[in-house]
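Trainee: Let me give you the structure first, and then I'll get to my questions.
Read-outs: derived from the displayed coordinates by stated rules, not from any lab. Here the structure is a predicted model, which is why all the values come from computation and not from measurement. Quick reminder, even Gly has a Cβ in these numbers, built from the backbone with ideal geometry, and neighbours come from all protein chains shown.
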Amino acid sequence: LSIILLFVLFIVGIFFGVTSMMKDSDVYKEVMTEVQHNTTITEKLGKPIEEDGMTSGNISLSNDTGNCDLQIPIKGSKGKATIFIVAEKRGTWKYSVKSVYIENTKEEIDLLKK
């Protein structure tokens, strides 16, 4: 029983370690700040906008290069949404996808179009 418990704790530790690594990344923080200050999104979701559940996807970094593919569930006082991020890093992050899908209206807001 002790071995099973240690194995479960090990898996849970890895899971939370990976999740916190994603949340601590500069790309995650940058996009969350952008979404929280975007007037179109705050009108549709309400304030405050915060994470709503588990971030999924992956980030791989090596020195000044890397890749990112994240889905971040968010919520506001009026509804829920998901942020989609696909980016590549070569010094700075270059986004190929940066959008928010609003669940209530089934609308996608492309944050790359300004």
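Trainee: With the contact rule set at Cα under 8 Å and sequence spacing of 6 or more, what percent relative contact order holds for the chain?
Mentor: On the way: 187 pairs, mean separation 18.4, N = 114.
About 16 percent, as a whole number.
Trainee: Describe numerically, in nm with one decimal, the distance between label points set 7 Å from Cα along Cα→Cβ at Phe10 and at Lys113.
Mentor: Taking the two extended label points, one gets 4.9 nm.
Trainee: Need the full-extension length gain, Glu51 to His37, defined as separation in residues times 0.36 nm minus the C-alpha distance. One decimal, nm.
Mentor: Details: separation 14, 0.36 × 14 = 5.04 nm, distance 1.43 nm.
My answer for the length gained is 3.6 nm.
Trainee: Moving on. Here is the link list: Lys47/Lys113; Lys75/Lys106; Lys23/Lys106; Lys47/Lys94; Lys75/Lys113. Which ones come out longer than 20 Å on Cα distance? Working shown, then result.
Mentor: On the way: Lys47/Lys113 23 Å; Lys75/Lys106 14 Å; Lys23/Lys106 26 Å; Lys47/Lys94 28 Å; Lys75/Lys113 22 Å.
Result: Lys47/Lys113; Lys23/Lys106; Lys47/Lys94; Lys75/Lys113 exceed 20 Å.
Trainee: Grab the DSSP H runs of the chain that are 4 residues or longer, score each as -39,500 (n - 2.57), total them, divide by all residues and round the 222 nm result to the nearest 500 deg cm²/dmol. Before the final figure, lay out each step's value.
Mentor: Values: 3 runs with 40 residues, N = 114.
Calculated from helices alone, the mean residue ellipticity at 222 nm is -11000 deg cm²/dmol.
Trainee: Related question: Given (i) 15.3; (ii) 13.9; (iii) 17.5 as candidate values of Kirkwood radius over Cα pairs in Å, which corresponds to the one derived from the coordinates?
Mentor: Step by step, Kirkwood radius over Cα pairs in Å for this structure corresponds to label (i).
Trainee: Something else about it: So if R0 is 41 Å, what FRET efficiency would Ser2 and Gln71 give, r being the distance between their Cβ atoms, rounded to the nearest 0.05?
Mentor: On the way: r = 36 Å, r/R0 = 0.88.
It comes out at approximately 0.70.
Trainee: Compute the long axis of helix 2-23 from its Cα atoms, compare it with the longest principal axis of the Cα atoms of the chain, and write down the angle in degrees, 0 to 90, nearest 10.
Mentor: That helix lies at roughly 30 degrees to the long axis.
Trainee: Please give me, ordered by residue number, the GluC sites (Glu not before Pro) of segment 75-114 that lie in loop per DSSP and have at most 16 other Cβ atoms within 10 Å. Before the final figure, lay out each step's value.
Mentor: Values: sites: Glu88, Glu103, Glu107, Glu108; in loops: Glu103.
Passing both the DSSP loop test and the Cβ count: Glu103.
Trainee: Straight-line reach from Lys29: which aspartates and glutamates have Cα under 19 Å away, leaving out those fewer than 8 places along the same chain?
Mentor: Glu50, Glu51, Asp52, Asp64, Asp69, Glu88, Asp110
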